[in-house]
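Down below is the structure, laid out as structure tokens.
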């Protein structure tokens, strides 16, 4: 499935909602484009918490990659994003909301195998 996100949409919310409407429960997700603002994160393995980083400037999406799986009975997008500023400086990490689109093209490859996330005590993450 190929589609574009609308100007001003949140990447995570829009892709997740599209998968809910299309009843896609497992998929590979790829996206490129540009954002107006972004929220990315780094997972601290000692504290088992994400540190969120808010970027309040236009950035190019160099690469967006992730997957759709089921978490607590609902479609869940787990994605990472690489962003470049006007000087080509890269920032990247786990994709969080809000990350607001300027322009974004999305490619989703549905999978037959249903992937379900469950809490993993050792890492503190919801994993397959």
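Structure summary
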| quantity | calculated |
| --- | --- |
| Any hit, the stretch 19-35, residues being in contact with a strand residue (DSSP E or B) (Cβ under 8 Å, 6 or more places away or on another chain), in a helix (DSSP H, G or I) and over 26 Å from residue 89 (Cα atoms) | yes |
| Within the stretch 51-70, tally of residues that are farther than 24 Å from residue 25 by Cβ and buried (at least 16 other Cβ atoms within 10 Å of the Cβ) | 4 |
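Taken together, the values in this text are just the output of simple stated rules run on the coordinates, not laboratory data. Quantities reported herein were computed from a predicted structural model and do not represent experimental measurements. Here the Cβ is made from the backbone with ideal geometry for all residues, glycine too, and neighbour counts use every protein chain on show.
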